[in-house]
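The structure appears below as structure tokens.
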Amino acid sequence: MSAQQTGRVDYKHLGIQFTIPDGWVGQEIDGGFLMGHNSIPGLILLSTHEYQTLNQLRAGAVEAFNDGNGSSLVIAGQLESLGNNALGGEYQGTIEWQPAKAYGIGLINPHGTGVVILAATTAAQYGPDYKRFAQQVQQSFRFYKPDHSQVVATWKPFLSGMRLTYMDSYYSPGVGSGGIGGGYSNERIIELCSQGHFFFSSSSEMTISGDNVSGWDQGGGQGQGRWEIAVNAGGSPILRLRFQQGEVYEYVLSRSGNELYLDGNRNYRTQAEYCR
């Protein structure tokens, strides 16, 4: 369990700073940051989002939240503007199966990952103070350009000019007379050119009772887009591919010695062949 914190909290990889209010203590949890108080019932929960505009944030804020484990909240009224980068509103529903109410604030981060602040308690104990708690945290936030220099310095030389190949296959011959067999084969190749562009190709083949489906996509010229090393909201290094058509693919990077893993799957690292 993470140690309890007070005072200023700084996440350099996200470019986010905020202050835990006096009398509250906080700690990191999976997917967020949780604050509690010795005498005030309820909690203040911080989580992240990737919305880049207030219109996107507004659309996301009115969607129902349900974690499938007894916590479900829906907007209860109109959203209100809380400055040029924030929206707020009251929510109602359940938290861990108990009737609950909350005041939520969504913040747009001009440099990337945004934040949601949720001050919540039981429905019976909720009052105007919870909006004040959420706004107190909101007013302490400072966003700045994230510092990914160390991550980039570690990963870019390791990946630049390399071909990353992922392969996965399975085949079952079927069982008994007339048994149905089948299988699949997947391959993905990413070439990361030192000039900053990439080539991407993927093929998949599935066979079921003789049916065959396959696909292949391969770039040309100056590649299919630009690649970069970044850090996700959880602090993990990622490989980000920005395709010319607007699509963005992201893969969490990890390694064991010279063995490379994308999203936990082994990828073979060899010299690129298409880069010029």
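Per-structure values
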quantity: Hits among lysines - C-alpha to C-alpha of residue 12 under 17 Å, sequence gap 8 or more where chains match; calculated: 145
quantity: Tilt relative to the chain, helix 149-159 - C-alpha long axis, 0 to 90 degrees, to 10; calculated: 20 degrees
quantity: Compactness relative to 2.2 N^0.38 Å, alpha carbon Rg of the stretch 8-143; calculated: 0.98
quantity: Sites residue 81 and residue 248 - FRET efficiency at Förster radius 35 Å, r taken between beta-carbons, to 0.05; calculated: 0.75
quantity: Gyration tensor verdict on the stretch 66-116 (Cα atoms; rounded if a/c is under 1.5, prolate if a/b is larger than b/c, oblate otherwise); calculated: oblate
quantity: Mean ellipticity per residue at 222 nm, deg cm²/dmol - from DSSP H runs of n ≥ 4 across the chain, formula -39500 (n - 2.57); calculated: -3500 deg cm²/dmol
quantity: Zero-based 10 Å bins, Cα pair distances in the chain, whole percents; calculated: 6, 22, 24, 20, 18, 8, 2, 0
quantity: Relative contact order for the chain, counting Cα pairs under 8 Å that sit 6 or more residues apart, in percent; calculated: 13 percent
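Only the coordinates and a few stated rules stand behind these numbers; no lab work does. This one's a predicted model, so the numbers in the text were calculated from it and none came from an experiment. Methodologically, a virtual Cβ is constructed for each residue, glycine included, from the backbone with ideal geometry; neighbour enumeration extends over all protein chains shown.
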